[in-house]
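Presented below is the structure to which this report refers.
The values are calculated or read from the model by the stated rules, or taken from the named source; none is laboratory data. The structure presented is a predicted model; accordingly, all values stated were derived computationally and were not measured. Glycine also receives a Cβ, built like all others from the backbone with ideal geometry; neighbour counts cover every protein chain displayed. Remember, those area values only see protein heavy atoms, side chains included, never the ligands or the DNA or RNA. Shrake-Rupley method; radii C 1.70, N 1.55, O 1.52, S 1.80 Å.
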Amino acid sequence: MNDKSKIWMDGKFVDWNDAKIHVLTHGLHYATAVFEGIRCYKTKEGPAIFRLEEHMKRLLNSCKMYHMTLQYSEKDLTEAIIETIKINKIKDCYIRPICYYGYGKMGVNPLPNKVSTSIALWTWEDHIHTVGNKGMRVIFSSWTRIDSKSLPIHAKATANYANSALARIEAIKSGVDEAIMLNMSGMVVEGTAENIFMVKDEILITPPITSGALDGITRSSVLSIAEHLGINFQIRDISRDELYYADEVFLTGTAAEIKSIGEIDKIIISNGKTGKIATKLQNSYYQIVHGNNEKFKKWLTYIN
Ligand code: PMP
């Protein structure tokens with residue numbers, strides 16, 4: 001966190017320490033807020049935002065599912081993100097736009113309240129700390145992943161993260177780094193804030209979006225990169241036990257990027273290290289996000 005930086009709040013730049021909202025904000029009491037997690041990377045041609053358009057589309061779809069009427073268009077918000085990066089003179093950062101029902105009328109119905117938007121930036125280098133090519137240690141969570149019978153899980157809504165936070169607490173209190181979540185059918189869905197992939201016999205496998213996993217932008221990037229590198233992949237359900245004897249398992253997400261798992265429920269995967277295919281994908285991903293691959297430059301929005 002950088003308390004010197006400015007935060008965009010409903011069209012105005014506010015000092016970090018003054019970016020405050022009322023304690024009776026609807027989104028705080030009833031989890032009526034949706035957000036995005038985006039990254040901006042340093043490149044030879046200046047800072048560039050990775051897959052900004054896809055993130056903005058997902059944000060607007062999240063707003064739609066929560067019946068939010070925004071005061072800003074997609075273009076306004078895109079420009080606001082770019083302006084926030086420029087004003088903060090930052091080259092490499094995590095970007096957090098959030099839209100929330102604000103202060104006004106208490107009660108479950110959010111609709112009488114105005115929807116506010118803010119955009120904050122910070123550097124988030126290693127959201128789950130691992131050393132070198134050592135894999136994360138994880139457990140299966142005892143919490144079942146929420147599903148679309150209860151909440152629109154393809155909305156990136158704060159409500160969903162109560163489920164994620166409980167699973168992450170469980171992992172940390174169990175002495176490991178992260179938790180893998182199963183869906184209502186007992187199949188593997190995702191991590192608490194990342195999509196999941198396994199490798200078996202050189203084939204990359206990830207659960208479908210209909211499993212309840214978020215339609216992750218890193219997930220879809222990894223699938224495109226796999227195709228580009230000639231790595232075969234399948235999108236199909238994965239059972240819990242398949243992960244225990246997989247050749248490699250890794251998580252993907254904007255904050256996490258591509259992060260390997262070296263141990264699940266005390267069973268060692270890939271000698272506890274980042275495997276061959278994850279390494280290939282990681283290398284390619286870093287080249288792409290830093291603007292060093294012509295074919296994928298279309299994924300970058302340059303700031304200057
Ligand atoms: N699943 C969940 C629950 C997440 O919170 C995230 C992070 N946004 C992801 C998957 C990965 O999505 P993305 O690659 O778009 O960041």
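From Cα pairs below 8 angstrom and at least 6 apart in sequence, can you work out the relative contact order of the chain, rounded to a whole percent? Walk me through the intermediate numbers first.
Details: 618 pairs, mean separation 61.2, N = 304.
It rounds to 20 percent for the chain.
From the protein chains alone at 1.4 Å, what is the descending order of accessible area for Arg137, Arg168, largest first? The partial results should precede the final answer.
Numbers: Arg137 80, Arg168 55 Å².
Accessible-area ranking of Arg137, Arg168, largest first: Arg137, Arg168.
At a probe size of 1.4 Å, how large is the accessible area of Glu36, to the nearest 10 Å²?
0 Å²
Of the heavy-atom accessible surface of the chain (probe 1.4 angstrom), what whole percent is carbon and sulfur? It would help to have the intermediate numbers written out before the result.
Working: 7480 of 14090 Å².
Accessible surface attributable to carbon and sulfur in the chain totals 53 percent.
Can you list the lysines whose alpha carbon sits under 16 Å from that of Lys156, skipping same-chain ones fewer than 8 residues off?
Lys57, Lys64
Classify the chain: rounded, prolate or oblate, from the alpha-carbon gyration tensor (a ≥ b ≥ c, eigenvalue square roots; a/c under 1.5 rounded; otherwise prolate if a/b is larger than b/c)? Each step should come with its number before you reach the end.
Details: a/c = 1.87, a/b = 1.31, b/c = 1.42.
In terms of gyration-tensor shape, oblate.
What value, in deg cm²/dmol to 500, does the helix sum -39500 (n - 2.57) over DSSP H runs of n ≥ 4 give at 222 nm once divided by the residues of the chain? Walk me through the numbers on the way to the answer.
On the way: 7 runs with 80 residues, N = 304.
So the helix-based figure for the chain works out to -8000 deg cm²/dmol.
Would you calculate the separation in nanometres between label points at Tyr302 and Ile267, each defined as 7 Å from the Cα along the Cα-to-beta-carbon direction?
4.8 nm
Can you give me the solvent accessible area of Val176 with a 1.4 Å probe, rounded to the nearest 10 Å²?
Accessible area of Val176: about 20 Å².
Dividing the alpha-carbon Rg of segment 136-289 by 2.2 N^0.38 Å yields what?
Numbers: Rg = 14.3 Å, N = 154, 2.2 N^0.38 = 14.9 Å.
Cα Rg divided by the expected 2.2 N^0.38 Å: 0.96.
What do you reckon, how do His127, His26 stack up by accessible area (1.4 Å probe), largest on top?
Order by accessible area, largest first: His127, His26.
Probe of 1.4 angstrom, ligands and nucleic acids ignored: what's the accessible area per residue over segment 6-122, in square angstrom?
Working: 5670 Å² over 117 residues.
Spelled out: the 1.4 Å probe surface of segment 6-122, per residue, equals 48 Å².
Round to the nearest 10 and report in Å² the accessible area of Tyr103, as given by a 1.4 Å probe over the protein chains' heavy atoms.
Rounded to the nearest 10, that gives 130 Å².
Quick one: order Thr206, Thr301 from most to least accessible surface, probe 1.4 Å.
Working: Thr206 0, Thr301 45 Å².
Descending order: Thr301, Thr206.
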